[in-house]
Amino acid sequence: MPGCNSSAFPLDLLKSPEKKPPGWYLSLMAPNEKGPNYAWLDPSRLYCNQHALQDCIEDLLQPFKNEQIDLVAGIDAMGFILGAAIASHLKKGFLAIRKAGHLCVKTHSQSYVDYSGREKTAEVRKDAIKPGLRILLVDQWIETGGTMRAAIKLVEEQGGVVAGVATICIEDSEGGRWVKENYKCSDCVPDDLRSQFNGHFLDSFNAFNSQHMKN
């Protein structure tokens, strides 16, 4: 990735490069080491670096500086981490959109098919979303868009307004394009790296692979 020429950089969670080009923190993300039953990378690795997390949040919120946001909603499970961090940054409340069966209160529910092709159901408590409430939806990643579309339906069917969608990456899938065409969105991927993300292999993975071979 541009500006991250040292192969040692992405292996050290707590260090940051002297020069920080757009999306510099993306090289901290680790490749899948466990096979096809898992996502192709681990974005959560960048959260361990305080500078990476703060820069990621600021980049995601840049398009929404002039938008009214009343509440931030994060999607189960990894969207909880990024969503709660964004809510704290904005000094707003945080709403958890849960997988079915975890909330002990009355809920609204919406079925969907996730990125792995599995049928699931998302739920949200009934007392949180009021008509006209402007909500920023946050997830860690959009691959096929099924999960995010379910979250959008949960908000809109209760009269809420989707103020925007923020996620580290929105892949160039049919579902990803639908979200971008219909809602104000932000992600952290610079244009010159977009093809790497759509191809599910980042140049920065080479540093991890080299270290794995040594071990």
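The values are calculated or read from the model by the stated rules, or taken from the named source; none is laboratory data. Computed from a predicted structure; not experimentally measured. Neighbour counts run over all protein chains shown; Cβ positions are idealised from the backbone, glycine included. Accessible surface areas use protein heavy atoms only, side chains included; no ligands, DNA or RNA. Shrake-Rupley method; radii C 1.70, N 1.55, O 1.52, S 1.80 Å.
A compact table of results
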| quantity | calculated |
| --- | --- |
| Residue count for the range 61-86, restricted to those that are charged (D, E, K, R) and touching a Gly at 6+ places or on another chain (Cβ under 9 Å) | 2 |
| Residues that are crowded, with 16+ Cβ neighbours inside 10 Å and either of a type outside the set (Phe, Trp, Tyr) or more than 25 Å from ALA163 (Cα to Cα) (or both), drawn from the range 46-61 | LEU46, ASN49, ALA52, LEU53, ASP55, CYS56, ILE57, ASP59, LEU60, LEU61 |
| Candidate set: the range 24-36, residues that are without any contact (Cβ under 8 Å) to a residue 40 or more places away in the chain and within 19 Å of TYR115 (Cα to Cα); chosen: the one least open to solvent (accessible area, probe 1.4 Å) | GLY35 |
| Pairs with Cβ under 6 Å, 6+ apart, first in the range 96-117 and closer than 11 Å to GLY146 by Cβ, second outside any loop (DSSP other than H, G, I, E, B) and open to solvent by 60 Å² or more (accessible area, probe 1.4 Å) | GLN110/LYS153; VAL113/GLU119 |
| Pick from the range 112-138, criterion modelled with pLDDT under 95 and not aromatic (Phe, Trp, Tyr), ranking: most open to solvent (accessible area, probe 1.4 Å) | GLU119 |
| Every residue from the range 145-157 that is within 16 Å of the chain's Cα centre (by Cα) and open to solvent by less than 10 Å² (accessible area, probe 1.4 Å) | GLY145, MET148, ALA150, ALA151, ILE152 |
| Qualifying position, being buried (at least 19 other Cβ atoms within 10 Å of the Cβ), in contact (Cβ under 8 Å) with a residue 12 or more places away in the chain and in contact with a Phe, Trp or Tyr (Cβ under 8 Å, 6 or more places away or on another chain), among GLY83, GLY160 | GLY83 |
| Top-ranked residue in the range 31-78 [being modelled with pLDDT of 95 or more and small (Gly, Ala, Ser); ranked as nearest to ALA128 (Cα to Cα)] | ALA73 |
| Residue match in the range 133-148 (condition: in contact with a helix residue (DSSP H, G or I) (Cβ under 8 Å, 6 or more places away or on another chain) and among the small types (Gly, Ala, Ser)) | yes |
| Subset of the range 157-215 [in a loop (DSSP other than H, G, I, E, B), in contact with a Cys (Cβ under 6 Å, 6 or more places away or on another chain) and under 19 Å from TYR115 (Cα atoms)] | ILE168, ASP187 |
| Listing of strands (runs of 3 or more DSSP E) fully contained in the range 86-130 that carry 2 or more residues being under 23 Å from ILE57 (Cβ atoms) | 93-99 |
| Filtered residue count, the range 22-72, keeping only those that are part of a strand (DSSP E or B) and within 29 Å of GLY93 (Cβ to Cβ) | 3 |
| Evaluation of CYS4 against (1) touching a helix residue (DSSP H, G or I) at 6+ places or on another chain (Cβ under 8 Å); (2) part of a loop (DSSP other than H, G, I, E, B); (3) at pLDDT 90 or above (one fails), failing number | (3) |
